[in-house]
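Trainee: Before I ask anything, let me first share the structure, which is written out below as structure tokens.
The values are calculated or read from the model by the stated rules, or taken from the named source; none is laboratory data. Being a predicted model, the structure only gives us computed values, none of them experimental. Neighbour counts run over all protein chains shown; Cβ positions are idealised from the backbone, glycine included. Heavy atoms of the whole protein, side chains included, go into the accessibility calculation; ligands, DNA and RNA do not. Shrake-Rupley method; radii C 1.70, N 1.55, O 1.52, S 1.80 Å.
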Amino acid sequence: MSSEGPLHERFGRLFPAGSVLFNEGDPGHDMYVVHSGLVQLTRKLRGNDSLLANLGPGEFFGEMAIVNNRPRSATALALADTTALVIDQRTFEVMIRRNTEIAVRLVRKLANRLDQANAQIEVLLMRDLNHRVAHYLRRIAETMGVPDGAGLRVAITATDLSNRIDADRVQCEEALDRLAKARLIDHDRAGGTISISEVGRLDEFLQFLEMKERFGDTT
Ligand code: CMP
């Protein structure tokens, strides 16, 4: 680790693939900055593990427990061999006071999370399941979609999707089938991915659903 510099010598730790860094509900005394590898954050929702985020190099997590003095709000699992800086509460506070760039990044990250949480509330308030599914897919395509031809592809299973939008998995799969039949998406069940080949068409469909939700189904 010495080749990584003094920060790594002091704070760096290796978490082998499959190891749990901490569990939801644990007391928390450190925050983590991923240097290499991949960490998955999940939270229990009605007994199911709901995916919050997969974090790679440069991203941080675990700051909430040390800022709020509250238990861990999620479980962190190393999906691959991961190295991370593990920074205790006191060092974190000193770093923030000395380095405004770190404080600004933290505020940005928290503002992004608040944005996502607000968008999530919007989805949960939608009555129509097709609307919820299409709206959620469009949103994650924007934030974590990878280019796929002229469209976008997201890695998500029907189970993850149903947990995120608080819907029954089977009904969610049926809604995905309807969207696929309308050629708005391609659902690769085996690969756990969904592709949106024409984002503009999905946006039009969403506008239509928005109107329907707002003015009601008059048919
Ligand atoms: P902490 O509560 O200490 O431990 C779990 C961590 O997961 C938490 O700090 C945040 O860093 C992170 N976290 C919590 N909620 C979300 C979310 N909605 N999206 C991304 N990361 C989150």
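Trainee: Using the heavy atoms of the protein chains alone and a 1.4 angstrom probe, what is the accessible area of the range 70-219 per residue in square angstrom?
Mentor: On the way: 8980 Å² over 150 residues.
With the other protein chains kept in place, the range 70-219 gives 60 Å² per residue.
Trainee: I would also like to ask the following. Counting pairs of alpha carbon atoms under 8 Å apart in space and at least six apart in sequence, what relative contact order in percent does the range 1-112 give? Before the final figure, lay out the partial values.
Mentor: Working: 220 pairs, mean separation 39.7, N = 112.
Answer for the range 1-112 is 35 percent.
Trainee: Where the convex hull is taken over the Cα atoms of the chain, what is its projected area averaged over directions, in nm²?
Mentor: Across all orientations, the chain yields a mean hull projection of 14.6 nm².
Trainee: What are the ³J(HN,Hα) couplings of the range 45-57, residue after residue, when phi is run through the Karplus curve with 6.51, -1.76, 1.60 and θ = phi - 60°? Round to Hz, x for glycine and proline.
Mentor: Computed from phi, the couplings for the range 45-57 are 10, 6, x, 9, 7, 10, 6, 9, 6, 10, 10, x, x Hz.
Trainee: Carbon and sulfur: what percent of the range 6-121's accessible surface (1.4 Å probe)? Walk me through the numbers on the way to the answer.
Mentor: Numbers: 3670 of 6830 Å².
Carbon with sulfur: 54 percent of the solvent-accessible area.
Trainee: Could you grab the relative contact order for the chain? Cα pairs under 8 Å, six or more apart, rounded to a whole percent.
Mentor: Details: 341 pairs, mean separation 38.3, N = 219.
Computed over the chain, the figure is 17 percent.
Trainee: Can you give the net charge of the other residues whose Cβ lies under 11 Å from the Cβ of GLU174, counting K and R as +1 and D and E as -1?
Mentor: Values: positive: ARG169, ARG178, LYS181; negative: ASP168, GLU173, ASP177.
So the environment of GLU174 carries a net charge of 0.
Trainee: Provide the per-residue ³J(HN,Hα) series for the range 144-158, in order, calculated from phi with Karplus coefficients 6.51, -1.76, 1.60 and θ = phi - 60°, each as a whole number of Hz, with x at glycine and proline positions.
Mentor: 10, x, 10, x, 9, x, 8, x, 9, 10, 10, 8, 7, 9, 4
Trainee: Give the residue from ALA53, GLY191, VAL104 lying farthest towards the positive end of the charge dipole for the chain; charges sit on Cβ (+1 for Lys and Arg, -1 for Asp and Glu) and the dipole is referred to the Cα centre.
Mentor: Going by the charge dipole, the pick is VAL104.
Trainee: Here's something else I'd like to know. Starting from the residue with the highest accessible area, list MET95, MET144, MET126 in decreasing order, probe 1.4 Å.
Mentor: Numbers: MET95 45, MET144 95, MET126 15 Å².
The ordering from most to least exposed comes out as MET144, MET95, MET126.
Trainee: Can I ask one more? Most fluctuating residue of GLY12, GLY149, GLY62 in a GNM of the chain with Cα springs under 10 Å: which is it?
Mentor: Answer for the Gaussian network model of the chain: GLY149.
Trainee: With the crude spin-label approximation of a point 7 Å out along Cα→Cβ, what separation in nm comes out for MET211 versus GLN116?
Mentor: Placing both labels 7 Å beyond Cα along the Cβ direction yields 3.3 nm.
Trainee: Using the Karplus curve 6.51 cos²θ - 1.76 cosθ + 1.60 with θ = phi - 60°, what ³J(HN,Hα) values do you get for each residue of the range 183-193, in whole Hz, with x for Gly and Pro?
Mentor: After applying 6.51 cos²θ - 1.76 cosθ + 1.60, I find 6, 8, 9, 10, 10, 9, 4, 4, x, x, 10 Hz.
Trainee: Along the charge dipole of the range 80-131, pointing to its positive end and built from +1/-1 on Cβ of Lys, Arg, Asp and Glu, which listed residue (MET95, LEU124, LEU114) has its Cα farthest out?
Mentor: Projecting each Cα onto the dipole axis, the largest value belongs to MET95.
Trainee: Can you give the convex hull volume of the alpha carbon atoms of the range 117-219 per residue, in Å³? Present the calculation step by step, with values, prior to reporting the outcome.
Mentor: Details: hull volume 10.3 nm³, N = 103.
Convex hull volume per residue, Cα atoms: 100 Å³.
Trainee: Considering every pair of different Cα atoms, what Kirkwood radius, in Å, is found for the range 103-151? Each step should come with its number before you reach the end.
Mentor: Numbers: mean 1/r = 0.0811 Å⁻¹.
Here the Kirkwood hydrodynamic radius works out to 12.3 Å.
Trainee: Quick one: if the Förster radius is 35 Å, what FRET efficiency do LEU125 and ALA80 give, using the C-beta to C-beta distance and rounding to 0.05?
Mentor: Values: r = 36 Å, r/R0 = 1.04.
Computed FRET efficiency for LEU125 and ALA80: 0.45.
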